Structures are given as C-alpha cells and as structure tokens.
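Heads up, the thing below is written out as structure tokens.
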Amino acid sequence: MEYRFGLVGYPIEHSLSPWIHNKFILKAGFKGNYALYEINTTESFADRIKEIKNDMLDGFNVTVPYKQTIIPYLDDLDEKAAAIGAVNTVVCKGGKWTGYNTDGDGYLRSLIQAYPSIGQDTNKNVLIIGAGGAARGILYTLGQKGFNHIDLANRTLDSAHKLKDLFNLDNTNLLTLSEAENVLDSYDIIIQTTSVGMKPAQEKTIVNVNKLTKENIVSDIVYQPVTTAFLKDAENAGARIHRGHSMLLYQAQYAFELWTNIRVEINEMDQELFRQLEG
Ligand code: ATR
C-alpha cells in the first residue's frame, strides 16, 4: 500500500510529526510520505485547503492555530471531536473529509502505557491543571473512560467554570493554583496541560510540587524541554513522572490507525524521541 499524509498548521517547520509518521509508514510495511502544508496566517486558508483537496491525500493532521478553523471545511465530524470542539486528524476517503480528535485518547494511551494500573482503576483522584484546549480534550476523554473524580485548577476560575459547565461535571471541584498547591498530594494523578514551563521560559513551574511522594503520578504535556522543571521538581520530591513527548507519539499512533486501520507499536520510538529532544 502507498499512503500520502500531511500536516496543516503554522509554524510547522520544526514539527516532529513527519519523523513519527514516516517511521510508522516503514514499520507498517507501507510506502508513502508525510508532507508539510504550512499555512501562513496572512494567506487565504480556503485557497490552501482547495490545494490540499486537489492533492488527494489519504489523511492529514491539523495543528495550531487551525484545529477549529478546519471544521467548516469537513464533510463529517466525529462525535468526540465535536464535543471537544477541535480537530487534529482528518481522514480523507472517496473525496469525503471526516474530522477526529486523537489528542485526549493519545494522552490516555500514553499514560496507561507508562502506568498500566491507571487503566484498571477509574476511581483515581485526578487533578487537571489548566482549562484551555488541551485540558478540554484530556478532560473529555477521561470522563468518557469513566474517571469520575476529576478536579480542575486554573489561574482564572472563570475558564475552569466554563469547562465544568460545558461537560456537566457535577462532581468536579474548581481550585485556584494556590489552593491546588496546598492539596496537591491528595491527588493520585496530576496533569499539567498549560504551556507554562515550555521553552524558552522553561524554568517556570505552575505550582510547587515539593510535597509530593511516590504515591503521586505527575504528568506534563509540555515536551520541550523533554523534562520540564515541573517534572524535575516532582521527581526530586519522589513522585512518579510522565513526560509530554509520549502523548505526541500516541496521538500520532491513533491518527495513523484512523488512516490505515493499523496500530503501529511505539516501542523504541519513545526512547528515540526522548533522546532527540534531549540533544
Ligand atoms: P491550549 O489550547 O494550548 O491549551 P490555551 O487555550 O491558550 O492553550 O490555554 C492556556 C491555558 O494555560 C489556560 O488554562 C491558561 O490559564 P487562564 O485560563 O487563566 O488564561 C493557562 N496559562 C497560560 N499561561 C499561564 C501562566 N503564565 N500561568 C498560569 N496559567 C497559564
């Protein structure tokens, strides 16, 4: 089989997706390629999308800032992507485009891969830090999988309130960041979903994690730097950590699966990507 995939976004010249998907293509024993469609924010999005239609791709990913912009150009929208309000994967079949969101599922797959017991116990107490697009995808997916003790902490409580109302989360407590800091060790899983700690302001941590122990799993979706200051502090305190680069791999694995029906094993790619990001 020969496949043609792509990525729509801006800026994407340093994207890791071509490396990941070209590896998947080889691993699955296919031929094909993964092209970059960088759409500058000054260009006409509609015109560039027409060009992509003409290229007859089998599927493409969508990244910032177009995860919502793409929606009116689709023929169909998966229920989960509709609920999250963002699309990161488009399947093209017979000229028909269907939008999906694999971010939340990719995230949960990567977390369960690292800590399998999480997959068997949805009673865990979870704290999500942040209330933006990434938090929304993860929150929705965890809720769907049956996790029912999820609290939200955010700098501004207003956006956390909106998220709580959007998904009718009656059991969810909302916390300010300083409130969260005081009770952080009461959560089994703490998930950092904001951009705080990302290069270049990488020394910043959103909340102090010094009280944590090995009873706490601390996850950060930021993957540049590959070990954020937040994760370093958590690890030094004794907590178990989960790095953001694996979410990147597993959301891609799920996208590839939607395009080809093949679930490629990640195995050594996790370490390879870790080393690339570290270097
Ligand atoms: P994304 O879609 O990538 O999640 P976003 O929608 O811009 O990004 O959301 C950013 C999240 O990061 C929000 O939760 C935001 O908090 P507010 O709702 O209070 O704005 C959080 N965030 C961004 N910068 C932050 C900072 N310096 N300190 C604390 N929280 C921050």
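Observations, loosely collected:
- Candidates ASP170, ASP165: the one that is in a helix (DSSP H, G or I), among the charged types (D, E, K, R) and away from the ligand (no atom under 14 Å from the Cβ) is ASP165.
- Qualifying residues in region 110-132 (those that are of a type in the set (Gly, Ala, Ser), in contact with a helix residue (DSSP H, G or I) (Cβ under 8 Å, 6 or more places away or on another chain) and in a helix (DSSP H, G or I)) - the one farthest from the ligand (Cβ to nearest atom): GLY119
- Test: ALA201 is over 19 Å from THR63 (Cα atoms) and out of contact with any Asp or Glu (no Cβ under 8 Å at 6 or more places or on another chain): yes
- Neighbours by Cβ (under 8 Å, 6+ apart or cross-chain): first from region 124-147, under 22 Å from VAL62 (Cα atoms); second within 14 Å of the ligand (Cβ to nearest atom) and of a type in the set (Phe, Trp, Tyr): GLY137/TYR107; ILE138/TYR107; THR141/TYR107
- So ALA255, is it farther than 24 Å from ASN88 by Cβ and in contact with a strand residue (DSSP E or B) (Cβ under 6 Å, 6 or more places away or on another chain): no
- Filtered residue count, region 202-227, keeping only those that are within 16 Å of the ligand (Cβ to nearest atom) and surrounded by fewer than 18 Cβ atoms within 10 Å (Cβ to Cβ): 5
- Between ALA229, ALA255, the distinction of being farther than 16 Å from GLY137 by Cβ and of a type in the set (Gly, Ala, Ser) belongs to ALA229 only.
- Qualifying residues in region 174-194 (those that are among the hydroxyl-bearing types (Ser, Thr, Tyr) and either touching a Cys at 6+ places or on another chain (Cβ under 8 Å) or outside any helix (DSSP H, G or I) (or both)) - the one surrounded by the fewest Cβ atoms within 10 Å (Cβ to Cβ): THR176
- In summary, VAL196 fulfils each of the numbered conditions (1) touching a Phe, Trp or Tyr at 6+ places or on another chain (Cβ under 9 Å); (2) among the aliphatic types (A, V, I, L, M); (3) away from the ligand (no atom under 13 Å from the Cβ) with the single exception of condition (3).
- All positions within region 228-244 that are surrounded by fewer than 24 Cβ atoms within 10 Å (Cβ to Cβ) and assigned to a helix (DSSP H, G or I): ALA229, LYS232, ASP233, GLU235, ASN236, ALA237
- Checked against (1) closer than 24 Å to PHE230 by Cβ; (2) in contact with a strand residue (DSSP E or B) (Cβ under 8 Å, 6 or more places away or on another chain), CYS92 meets all criteria but (1).
- Residue, surrounded by the most Cβ atoms within 10 Å (Cβ to Cβ), within region 134-162, restricted to residues that are more than 9 Å from the ligand (Cβ to nearest atom) and assigned to a loop (DSSP other than H, G, I, E, B): PHE147
Read-outs throughout are calculated quantities, based only on the coordinates presented, and are distinct from any laboratory measurement. Treat the numbers as computed from the prediction; the structure is a model and nothing was measured. Counting neighbours? That spans all protein chains shown, and the Cβs are built from the backbone with ideal geometry, glycine included.
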